Amino acid sequence: MMVLGEKKIEEKRVSMVVVDEVEKRIELGRHSIFALRKCSLVLTSGKSLAVLGSSGTGKSTLIHLIAGLERPSAGVITVENALISEMSDSDRADFRKKNIGVIYQFHHLLPEFNVLENVMMPLRIKRLSYNYAKRKASEILEKVGLGQKGKDQPATLSGGERQRVAIARAMVSMPSLILADEPTGNLDRVNARKIFKMILSLVNDHGSTLIVATHDLELAALCNDRQVLA
């Protein structure tokens, strides 16, 4: 017998991310093209999903739509039972700030800030105290093996180190959902596998849910589920 509280927990677990018949159309003058067409998926809480497909199939578009960076042309997207596809731009931004971490193929670190300051940024944006943000950023940098690099500038790091900083920044606030868009696309195979396993380890440690866009079948096999875009 399931009590009411357990039922609510189960419903939340089942419906962490729901994408229902989602499309993204781009207008080009009098013509339009589909960046994503009739995409549907359901992902349960605490699971990892690899979205596979060749270039141009809409993997990055799907990540952007789930993150609320763009609005779909059709269809419905819910994250943690919140209908983000119908939110205003400001509400989507606020929801993303509180619930979603995004890791991009290109690290997008801020060059004017050092490593520690870059990782602290999501917490400071939430107006959390400087000391708290510094402590949490230091802790996550230790987890990704960069505890001694906090005062370094991004320009002095290797490509793999920069991507680890980007991962730390996405994970520092322990978001319930992590979205990764080709996070190892610029790394050699050895570093790509190492970085990908690090993402999975951090996601598991935090109990987060992961959706990763990738064309790498070997890395995709490390996730719980896979979905192919055509």
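The values are calculated or read from the model by the stated rules, or taken from the named source; none is laboratory data. Just so you know, these numbers come straight off a predicted model, no measurement behind them. No Cβ is skipped: glycine too gets one built from the backbone with ideal geometry, and neighbour counts run over all protein chains shown.
Residue-wise test of (1) of a type in the set (Ser, Thr, Tyr); (2) in contact with a helix residue (DSSP H, G or I) (Cβ under 7 Å, 6 or more places away or on another chain); (3) crowded, with 17+ Cβ neighbours inside 10 Å; (4) not in a helix (DSSP H, G or I).
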position	(1), (2), (3), (4)
SER85	yes, no, yes, no
SER90	yes, no, no, no
ALA93	no, no, no, no
LYS98	no, no, no, no
GLN105	no, no, yes, yes
PRO111	no, yes, no, yes
LEU116	no, yes, yes, no
PRO122	no, yes, yes, no
> Do you know which of the residues in the range 16-66 that are small (Gly, Ala, Ser) and either in contact with a Gly (Cβ under 7 Å, 6 or more places away or on another chain) or in a helix (DSSP H, G or I) (or both) is nearest to LEU200 (Cα to Cα)?
Replying inline: GLY46
>> Based on this model, can you work out whether PHE106 counts as of a type in the set (Phe, Trp, Tyr), closer than 28 Å to LYS134 by Cβ, modelled with pLDDT of 90 or more and within 18 Å of the chain's Cα centre (by Cα)?
In response: no
> Filter the range 131-157 for residues that are among the charged types (D, E, K, R), crowded, with 17+ Cβ neighbours inside 10 Å and more than 21 Å from THR184 (Cα to Cα); which is nearest to the chain's Cα centre (by Cα)?
Replying inline: LYS136
> Which ones in the range 206-230 are over 21 Å from VAL19 (Cα atoms) and among the aliphatic types (A, V, I, L, M)?
Replying inline: LEU217, LEU219, ALA221, LEU222
>> So, in the range 198-227, how many residues would count as being farther than 22 Å from VAL79 by Cβ and touching a Gly at 6+ places or on another chain (Cβ under 9 Å)?
In response: 3
> Yes or no: LYS126 farther than 18 Å from PRO183 by Cβ, loosely packed, with under 15 Cβ neighbours inside 10 Å, basic (Lys, Arg) and touching a helix residue (DSSP H, G or I) at 6+ places or on another chain (Cβ under 7 Å)?
Replying inline: yes
> (1) part of a helix (DSSP H, G or I); (2) over 21 Å from LEU210 (Cα atoms): which one isn't true of LEU128, the others all being true?
Replying inline: (1)
> Are there any pairs with C-beta distances below 6 angstrom linking a residue in the range 70-82 that is in contact (Cβ under 8 Å) with a residue 40 or more places away in the chain and assigned to a loop (DSSP other than H, G, I, E, B) to a residue that is of a type outside the set (Val, Ile, Thr) and crowded, with 17+ Cβ neighbours inside 10 Å, with the two at least 6 apart or on different chains, and if so which?
Replying inline: GLU70/HIS64; PRO72/LYS24; PRO72/LEU65; PRO72/SER85; SER73/GLU23; SER73/LYS24
